[in-house]
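Okay, so here's the structure we're looking at.
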Amino acid sequence: MSILICPVCSAELTPNVKSYKCKNNHCFDISKYGVLNLSLNNKSSKKRHGDDKAMVIARKDFLDKGYYNPIKTAVITLCEKYCKNAKTLIDAGCGEGYYTNSVTDVLKLKEIYGVDLSKDALRYFKKRNETALPIVSSIFKMPFEKNEVDFILSMFAPAAYDEFLRVLKKDAYFIKTKVMKNHLIELKQAVYDNPYYNDEEPDEIVGFEKTDEIITDYKTLMFGEDIKKLFLMTPYYYKTSETDQKKLDLIKKISVSVSVKTVVYRKM
Ligand SMILES: [Zn+2]
């Protein structure tokens, strides 16, 4: 039995050798990179679907250097505390799977899914997480049965709370990072004339109970290329003019505030 459902008709999807199929004969291929494409709008290749390749590589390089290790440690601590018995994990907005990988190292999971719109990111995800199934899909309409999932990870990704509520089992957890006011403020000060602080999301989420949190707040010294790579990872990148982005090239080193909280929620 599979917890995956067809994005067209919502019937159960059954795995074949190189594809998944539903009883109504909707068939979805697994690419040679091991990525299952369940997205229904691939035709418009001009439209950007998820992060492009340059961003994916920038993020991978940056994360591999360990600048965000304390965040990873917070996630591991919380998932060891709350998700020890989880068998099924969805990393919703998994990117190239840096956090998925650290979580799956410490849990005894049976099924691991990475959901993202970026095929490029999912190719790297598969390299980091060989036993996982990367799926091209929106996180706002995930191809999973309701009430079947033990644990969702949502790291620096948009929050699809209604979907989390639908697919998680009762009493199951999701873990999410939320950026705090000062997060990366020095980076914004370097680029913008009027740098702004982040708005902090409220803690309350309908249908969930906040169970725990770890605040990770530190400064880290970054050099040269890494500064630009970090900027590429952020949502600010899209909102910033080329002229402003060029300002980053002139910075040789900078001390940056990393300020996030990792929150655990239980489905009520
Ligand atoms: Zn179908």
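The values are calculated or read from the model by the stated rules, or taken from the named source; none is laboratory data. Since we're looking at a predicted model, the values are computed, not measured. Cβ placement follows ideal geometry from the backbone for every residue including glycine, while neighbour counts extend to all protein chains displayed. For the accessible areas, the whole protein counts, side chains as well, though only heavy atoms, and no ligand, DNA or RNA atoms are used. Shrake-Rupley method; radii C 1.70, N 1.55, O 1.52, S 1.80 Å.
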### Task
Scan the range 146-183 for residues that are among the hydroxyl-bearing types (S, T, Y) and either open to solvent by 70 Å² or more (accessible area, probe 1.4 Å) or over 30 Å from L13 (Cα atoms) (or both) and jot them down.
T177
### Message
When you scan the range 155-172, do you find a residue that is of a type in the set (D, E, K, R) and in a loop (DSSP other than H, G, I, E, B), even just one?
### Response
no
### Task
Could you list, in sequence order, all residues of the range 127-154 that are farther than 30 Å from Y197 by Cα and part of a strand (DSSP E or B)?
L133, P134, I135, V136, F144, V149, D150, F151
### Task
Report the residue count in the range 226-258 for those that are among the hydroxyl-bearing types (S, T, Y) and either touching a helix residue (DSSP H, G or I) at 6+ places or on another chain (Cβ under 8 Å) or not assigned by TED's automatic domain parsing to the domain that holds Y173 (or both).
6
### Task
Assess whether L248 counts as being part of a helix (DSSP H, G or I), out of contact with any strand residue (DSSP E or B) (no Cβ under 7 Å at 6 or more places or on another chain), farther than 24 Å from Y99 by Cα and of a type in the set (A, V, I, L, M).
yes
### Query
Of (1) away from the ligand (no atom under 16 Å from the Cβ); (2) at pLDDT below 95; (3) in contact with a strand residue (DSSP E or B) (Cβ under 6 Å, 6 or more places away or on another chain), D61 satisfies all except one. Which?
(3)
### Message
Here's a check for you: in the range 233-268, which residue that is at pLDDT 95 or above and of a type in the set (G, A, S) is farthest from M180 (Cα to Cα)?
### Response
S255
### Selection from the range 13-27 of residues that are near the ligand (Cβ under 9 Å from one of its atoms) and surrounded by 14 or more Cβ atoms within 10 Å (Cβ to Cβ)
L13, K21, C22, H26
### Summary
(1) of a type in the set (G, A, S); (2) open to solvent by less than 10 Å² (accessible area, probe 1.4 Å); (3) in contact (Cβ under 8 Å) with a residue 40 or more places away in the chain all hold for G97 apart from (3)
### Message
Of everything in the range 227-245, what is open to solvent by less than 10 Å² (accessible area, probe 1.4 Å) and either more than 14 Å from P195 (Cβ to Cβ) or touching a strand residue (DSSP E or B) at 6+ places or on another chain (Cβ under 9 Å) (or both)? Give them in sequence order.
### Response
I227, L230
### Message
Restricting to the range 67-90, give me the number of residues that are assigned to a loop (DSSP other than H, G, I, E, B), open to solvent by 10 Å² or more (accessible area, probe 1.4 Å), in contact with an Asp or Glu (Cβ under 9 Å, 6 or more places away or on another chain) and not hydroxyl-bearing (S, T, Y).
### Response
2
### Query
Give me the pairs: first residue in the range 6-32 and closer than 21 Å to G114 by Cβ and touching a residue at least 40 places away in the same chain (Cβ under 8 Å), second residue away from the ligand (no atom under 11 Å from the Cβ) and small (G, A, S), beta-carbon distance under 8 Å, and six or more apart or on different chains, which are they?
P7/S39; P7/S137; E12/S2; L13/S2
#### Entry: Selection status of K176, in the same structural domain as T77 (by TED's automatic domain parsing), in contact with a Ser or Thr (Cβ under 7 Å, 6 or more places away or on another chain), in contact (Cβ under 8 Å) with a residue 12 or more places away in the chain and not in a loop (DSSP other than H, G, I, E, B)
yes
### Boolean, E186 is part of a helix (DSSP H, G or I), within 19 Å of Y68 (Cβ to Cβ), open to solvent by 10 Å² or more (accessible area, probe 1.4 Å) and in the same structural domain as R59 (by TED's automatic domain parsing)
yes
### Query
When you scan the range 191-226, how many residues do you find that are more than 21 Å from the chain's Cα centre (by Cα) and assigned to a helix (DSSP H, G or I)?
3
